[in-house]
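Only one structure is covered here, and it is reproduced in the block below.
The values are calculated or read from the model by the stated rules, or taken from the named source; none is laboratory data. Everything numeric here is computed off the predicted structure, so don't read it as measured data. So basically every Cβ, Gly included, is an ideal-geometry build from the backbone, and we count neighbours across all protein chains shown. To get the accessible areas, we keep the full protein, side chains included, count just its heavy atoms, and leave off ligands, DNA and RNA. Shrake-Rupley method; radii C 1.70, N 1.55, O 1.52, S 1.80 Å.
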Amino acid sequence: MTYYFLKDGNKLLAYAKSIIPIKSSHVNVLLKRFNDVTYAVVYGNVVVAVVQGILTCLGFFIFGVQSPLIWGIVTLFTSLIPFLGAVVVWLPASIFLIVAGYSSGDGLTLLRGIGLLLFGLLFISSIDNILKPRLIGGRANLHPALVLLGVIGGLSALGIIGLVIGPVLIALAATTITIASRSKLLRNY
């Protein structure tokens, strides 16, 4: 699909503009909004993945897991995959440390595992819920609650692709409502 969108995107865009039954100035506003929000969603996802990778690297370094930089990079990539995320990296590492510490009677390893588990829960995975709505909302000029609603609603309605499409649809709906309300106000005066 990406190939065809890149190859024939201008033709598709011209066709879409010609069949949408609203003023061309409004179509241009909607298309600009679509572009801005799509960029914000992709930007937000990438930035959050980088932050989660850095936090995982830091957590692994603090709690003595070998090769923290490599695991941070792995986390960066898994954070970009919905339903996997950073938890698939830090949770097995913390469970391994807990089990290794418990089975060997090494209290320090057990504490390192519990510490990594808490660090992962409180910082690595939680940053996604805090940072993503703020980043996407700030760049897309949407309230973070609307972004969160778009992400959750899009995910439940459309699956993985809903993570991107949900906030875009919310933004387009908000823009359409704004255009309609402004047009109505202008007609009343």
Matching residues, the range 56-79, being part of a loop (DSSP other than H, G, I, E, B) and open to solvent by 80 Å² or more (accessible area, probe 1.4 Å): Gln66
Evaluation of Val42 against (1) without any contact (Cβ under 8 Å) to a residue 24 or more places away in the chain; (2) open to solvent by 60 Å² or more (accessible area, probe 1.4 Å); (3) closer than 24 Å to Thr175 by Cβ (one fails), failing number: (1)
Residue, farthest from Arg134 (Cα to Cα), within the range 154-175, restricted to residues that are small (Gly, Ala, Ser) and open to solvent by less than 30 Å² (accessible area, probe 1.4 Å): Gly159
Residue match in the range 124-145 (condition: of a type in the set (Lys, Arg) and open to solvent by 70 Å² or more (accessible area, probe 1.4 Å)): yes
Search result, residues across the range 23-39 that are within 26 Å of the chain's Cα centre (by Cα), aliphatic (A, V, I, L, M) and more than 17 Å from Val147 (Cα to Cα): Val29, Leu30, Leu31
Neighbours by Cβ (under 8 Å, 6+ apart or cross-chain): first from the range 14-36, hydroxyl-bearing (Ser, Thr, Tyr); second at pLDDT below 85 and open to solvent by 60 Å² or more (accessible area, probe 1.4 Å): Ser24/Lys17
Per-region count, the range 72-88, residues touching a Gly at 6+ places or on another chain (Cβ under 9 Å) and either more than 14 Å from Asp128 (Cα to Cα) or touching a residue at least 24 places away in the same chain (Cβ under 8 Å) (or both): 10
